[in-house]
Amino acid sequence: MERILITGGAGFIGSHLAEKLLAQGHTVVSVDDLALGRRENFRSYANDDRFTFIEADATDVDGMEQVIRANGIERVYHLAANSDIQKSAADPGIDYKNTFATTYAVLEAMRRTGVKKLFFSSTSAVYGDKRGQALREDTGGLAPISYYGSAKLASEAFISAYSYMNGMQTLIFRFPNVIGPRLTHGVIFDFIRKLQVDPKHLEILGDGTQCKPYLYVLDLVDAIVDFSFRTREGVEIYNIGVDTATTVRKIADMVCDRLGLTDVEYRFTGGNVGWKGDVPAFQYDLSRIYATGWCAGHNSDESVRATLESLEI
Ligand SMILES: NC(=O)c1ccc[n+]([C@@H]2O[C@H](COP(=O)([O-])OP(=O)(O)OC[C@H]3O[C@@H](n4cnc5c(N)ncnc54)[C@H](O)[C@@H]3O)[C@@H](O)[C@H]2O)c1
């Protein structure tokens, strides 16, 4: 059993990851500044003897070094990042700090302490808008169109150099849209909030045809844990996701069904992107991860449905 650090551990995905690692018998230290994370996300295991929560800013290199030393950390899952992409569109410094500088601080703290095992949560946003192309891990010309995507790509570049220079074993997953219990942002969350305020009308950004693959968080977390204990020296990158995709309009229909609303007028803001920096549609080539035998337990529509069933509305 290992002593594991999760950054961003109070967030949506990080809190599920901590739960899974604890269930496997590991000791988990979770660091989060609670900017977007919430204590209630880890309430069910907050009193577990093998769990420690530390409220701290993961951009603090000395602080992260101290956390690693004081807790004898052997492996790091780095998930801390800004997840409010629209907010950083108005203030790019948010992504520079929370998406990129957290990565630098984690890497530098690992270098100083000699910790060699790293998992990093990257994103489809590193590719930029490459509609019509099935995105492979070795697709060239990566050109992010959001500050978030660029901070993740810069993070991948730093991870590559730190891994090479320090003999690290690194696993990077490029996530698509991830959904499930404890969801705190994204289209499903937004639609529910809007409809709770006004059950007769729903404003939909864009024209509703934006179409993306949705991965269920528990499928993702199982894969993260399974793959991360099989890494070798160097950097392994995987696209992870599902073959199917769901349109925004279909999500709106499913949310209305879940809320029992039958007479909702959709008001589209128009255009085929939700907001500047949004990639309206993308398709992964998943052959690298499929070659390992992995396959998600839920397809895209099933992920949406399971998420809606899990939310207390
Ligand atoms: N949810 C998705 O659809 C998705 C898609 C692609 C990639 N990702 C990546 O997965 C990871 C987890 O995302 P999530 O959906 O759980 O988002 P989230 O916002 O719920 O979790 C991120 C956590 O990081 C914390 N954080 C941010 N800046 C910090 C800082 N400076 N110091 C300490 N903590 C800080 C936040 O408080 C939050 O709890 C992120 O790296 C995100 O970029 C998520």
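List of remarks:
- Among Thr247, Pro280, Ala291 - extreme Cα towards positive end, dipole of the range 188-313, charges at beta-carbon: Pro280
- Between the beta carbons of Asn71 and Asp91, assuming R0 = 41 Å, the FRET efficiency works out to 0.80 to the nearest 0.05.
- Angle in degrees between helix 102-113 and the longest Cα principal axis of the chain, rounded to the nearest 10: 20 degrees
- Inter-probe distance in nm under a simple model that places probes 7 Å from Cα toward Cβ, at Glu203 and Lys250: 2.6 nm
- Relative packing of peptides 196-204, 251-259 - highest average C-beta neighbours within 10 Å first: 251-259, 196-204
- Neighbour-limited loop hits for chymotrypsin sites (Phe, Trp or Tyr not before Pro), the range 237-313 (at most 14 other Cβ within 10 Å; DSSP other than H, G, I, E, B): Trp275
- Residues listed by number, the range 276-295, amide nitrogen under 15 Å from Asp138 label point at 7 Å toward C-beta: 285-289, 291
- Under the convention that each Lys and Arg Cβ holds +1 and each Asp and Glu Cβ holds -1, the size of the dipole of the chain around its Cα centre is about 380 debye.
- Based on C-alpha pairs under 8 angstrom that are at least 6 apart in sequence, the range 174-219 has a relative contact order of 66 percent.
- Three-way shape label, the range 148-233, alpha-carbon gyration tensor, a/c 1.5: prolate
- Helix-only mean residue ellipticity at 222 nm for the chain, each DSSP H run of n ≥ 4 adding -39500 (n - 2.57), per residue, nearest 500: -11000 deg cm²/dmol
- Kirkwood hydrodynamic radius of the range 36-179, Cα pairs, Å: 16.3 Å
- Cα centroid of the range 1-37 to Cα centroid of the range 289-306, whole Å: 23 Å
- For the range 40-108, the square roots of the Cα gyration tensor eigenvalues, ordered a ≥ b ≥ c, give a/c of at least 1.5 with a/b no greater than b/c, which places it in the oblate category.
- The chain: relative contact order as a whole-number percent, Cα under 8 Å and 6+ apart: 18 percent
- Set of the range 118-137 residues, backbone N closer than 20 Å to the point 7 Å along the Cα-Cβ line of Ser287: 127, 130-137
- GNM remark for the chain: springs join alpha carbons under 10 Å apart, and the peak mean-square fluctuation among Ala154, Ala58, Ala23 falls on Ala23.
- Cα gyration tensor, the chain - rounded (a/c under 1.5), prolate or oblate: prolate
- A Cβ-based charge dipole, computed about the Cα centre of the range 94-139 with Lys and Arg at +1 and Asp and Glu at -1, lands at about 180 debye.
Bear in mind these aren't lab numbers, they're just calculated from the coordinates by the rules spelled out. Everything numeric here is computed off the predicted structure, so don't read it as measured data. Virtual Cβ from ideal backbone geometry, glycine too; neighbours counted across all protein chains shown.
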